[in-house]
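What follows is a short report on a single structure.
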Amino acid sequence: MAKPKKPRASAPDPPAAAARLPWHPPAPPVPTALLITLAALLIRVLVSVGPYSGQGAAPKFGDYEAQRHWMELTLHLPPSDWYRNTSDNDLAYWGLDYPPLSAYQSLLHGRIINASLPEAVALRSSRGYESPESKLLMRWTVLSSDLLVFFPAALWFVWAYMKGGIGISGEERREGWMWLLAMVLISPCLVLIDHGHFQFNCISLGLTLGAIAGVLSRNELVAAALFTLAINHKQMSLYFAPAFFSHLLGKCLKRKYPIVEVMKLAFVVLGTFALVWWPFLHSYEAALQVISRLAPFERGIYEDYVANFWCSTSVIIKWKILFEIKPLKLMSLSATILAFLPSFVQQVKSPSNLGFLYSLMNSSFSFYLFSYQVHEKSILLPLLPASLLALKEPQMYGWFVYFALFSMYPLICRDQLLLQYIAVLGLFFLIYYSPGGSHGKRLKISCMAKVVLSLPFICSLLLHIVYLQIEPPKRYRFLFDAMIVFVSFSQFVILTLYTNYKQWMLDTHSRSIGVKKNL
């Protein structure tokens with residue numbers, strides 16, 4: 001007698017997380033990643049249609065002119081004249097003040113523009129050159145740099161992060177990668193500064209992101225080379241140096257031959273430095289000339305209104321008046337070291353991938369808050385590791401993005417990028433709050449804490465309107481700028497304390513897991 005056939009099991013319902021992003025199709029990961037990448041690229045293109053720093057503002061214009069001028073200099077002058085004052089290179093007019101790799105990048109882009117629009121980079125005669133064609137070519141140089149450096153690094157990081165399952169559950173490993181990739185690529189501050197204001201942070205941050213992915217995928221030598229290149233593109237990448245050094249040192253100390261491991265890393269770092277600096281190593285004076293341009297101490301401890309300790313407290317303590325440059329340098333150095341020291345010690349003692357990501361944020365925040373001559377755009381550096389922690393700390397990341405962008409609001413208004421500011425911020429939070437997104441993780445805080453946190457948010461909303469609609473008193477022309485700085489600074493301090501606490505709690509969590517295993 002034939003056995004009765006078992007009824008077929010019905011197909012399971014698709015997971016709710018499948019509808020996480022508006023563009024999520026029923027397709028394998030590669031096409032989905034391509035769609036997210038294209039969306040991020042489209043946002044950059046749309047922002048780049050708007051104004052840029054210093055547009056039509058003679059005689060020095062702005063950052064756009066600085067980048068164009070560096071292309072002009074590197075194209076027509078020998079490397080020995082790039083960093084020193086000559087008849088063809090007036091250092092008072094946007095003198096090159098980034099490391100050699102940035103100069104090589106300017107040379108490459110200068111050659112590309114010279115091939116199709118030579119008058120845009122002609123020596124001396126091209127100062128303040130502005131035309132629709134030059135704007136298109138200059139915008140293209142940033143877009144191509146983003147595509148060639150930052151985008152591949154972001155994809156590599158997401159792959160390494162998900163493969164390692166760093167501080168996330170199995171479901172997040174399967175479904176969360178799309179949301180994380182979108183958070184990293186669609187970063188409002190980076191998009192507005194690079195493609196609106198006009199800079200090339202995508203290169204140094206992309207090299208740093210590649211180095212982070214190298215660490216997570218256990219390619220430490222590749223990571224060391226990439227991070228050295230990042231430092232040699234923009235010296236502000238040193239904000240991450242304590243985190244890289246402590247994490248890699250901590251790993252080396254736990255291996256069989258720690259001295260050999262340290263020597264291998266040192267060889268890669270020194271070798272990469274030597275290759276980048278080779279044209280300037282023929283004499284001590286030439287190298288010293290470059291170094292002197294990278295440390296602008298003569299500008300004072302801060303220049304524009306920036307949401308760090310020195311500028312925020314200058315209303316009460318007149319740092320520039322009370323102290324000379326030398327004691328200010330010492331105070332700044334001491335405060336910065338003290339700020340990143342707890343994070344540094346934790347990674348040397350107990351290196352871990354998740355601890356490394358927290359350490360990157362804590363280290364870069366320490367430099368942003370306390371180091372010498374910080375610009376408002378430097379908030380991009382702690383924002384990078386914050387975006388990498390978006391799956392683990394979604395509320396923290398969303399809060400940080402908002403106040404980081406708010407801290408640059410006066411700069412955005414000066415550049416006439418208010419429309420782009422509103423659009424990019426709105427689009428970011430549309431994706432951030434997409435169905436099934438990781439923002440849904442509940443953060444357990446008391447009602448009183450919620451009230452306290454809502455106050456700076458309400459203040460920021462009011463200041464957005466007040467800054468545009470009300471003229472400040474003539475005696476206090478920068479009153480609203482100072483208020484924006486102080487509100488942002490207060491939130492950055494809270495975030496720094498929180499992420500330092502979370503990093504040190506990793507040790508407690510590891511010990512509790514060890515005790516449970518022993519039981």
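The values are calculated or read from the model by the stated rules, or taken from the named source; none is laboratory data. Computed from a predicted structure; not experimentally measured. Counting neighbours? That spans all protein chains shown, and the Cβs are built from the backbone with ideal geometry, glycine included. Protein only, heavy atoms only, side chains kept; ligands, DNA and RNA dropped before computing areas. Shrake-Rupley method; radii C 1.70, N 1.55, O 1.52, S 1.80 Å.
Below, the figures for the structure above:
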| quantity | calculated |
| --- | --- |
| Contour excess over end-to-end distance, with Cα ends at A57 and V451 and 0.36 nm allotted per residue | 137.5 nm |
| Solvent-accessible surface (1.4 angstrom probe) belonging to L107, in square angstrom, nearest 10 | 30 Å² |
| Long-range HN-HN contacts of V374 with modeled amide H, under 5 Å | E303 |
| Charge dipole of the chain about the Cα centre (unit charges at C-beta), most positive-ward option of L455, L249, P59 | L249 |
| Heavy-atom accessible area order for E393, E133, E285, largest first, 1.4 Å probe | E285, E133, E393 |
| FRET efficiency, R111 to L468 (Cβ-Cβ, R0 56 Å, nearest 0.05) | 0.85 |
| Separation between Cα centres of segment 238-268 and segment 45-111, rounded to whole Å | 36 Å |
| Cα gyration tensor category, rounded, prolate or oblate, for segment 245-382 with a/c compared to 1.5 | oblate |
| Inter-label distance for L136 and K320, nm, one decimal - labels placed 7 Å from Cα along Cα-to-Cβ | 4.2 nm |
| Extension reserve of the A295-I494 stretch, reckoned as 0.36 nm per residue once the Cα distance is removed | 68.7 nm |
| Rough spin-label spacing in nm, given labels placed 7 Å along Cα→Cβ, for K163 and Y433 | 3.6 nm |
| Label-point separation, L147 to I422 (7 Å along Cα→Cβ), nm | 3.1 nm |
| Cα long-axis angle, helix 258-277 against the chain (0 to 90 degrees, to the nearest 10) | 40 degrees |
| More than 39 angstrom apart: percent of Cα pairs within the chain | 26 percent |
| Range in the chain, longest, excluding exposed chymotrypsin sites (Phe, Trp or Tyr not before Pro) [loop by DSSP; at most 15 other beta-carbon atoms within 10 Å] | 94-322 |
| Three-way shape label, segment 167-254, alpha-carbon gyration tensor, a/c 1.5 | oblate |
| Value of [θ]222 nm, deg cm²/dmol, for the chain, DSSP H segments ≥ 4, -39500 (n - 2.57) each, nearest 500 | -20500 deg cm²/dmol |
| Rounded accessible area of E261 (nearest 10 Å², 1.4 Å probe) | 40 Å² |
| R0 of 30 Å, Cβ-Cβ distance L38-K256: FRET efficiency to nearest 0.05 | 0.05 |
| Restricting segment 116-153 to trypsin sites (Lys or Arg not before Pro) in coil, as DSSP defines it, with at most 15 other Cβ within 10 Å | R124 |
| Segment 252-324: Rg to Rh, with Rh as the Kirkwood radius over Cα pairs | 1.22 |
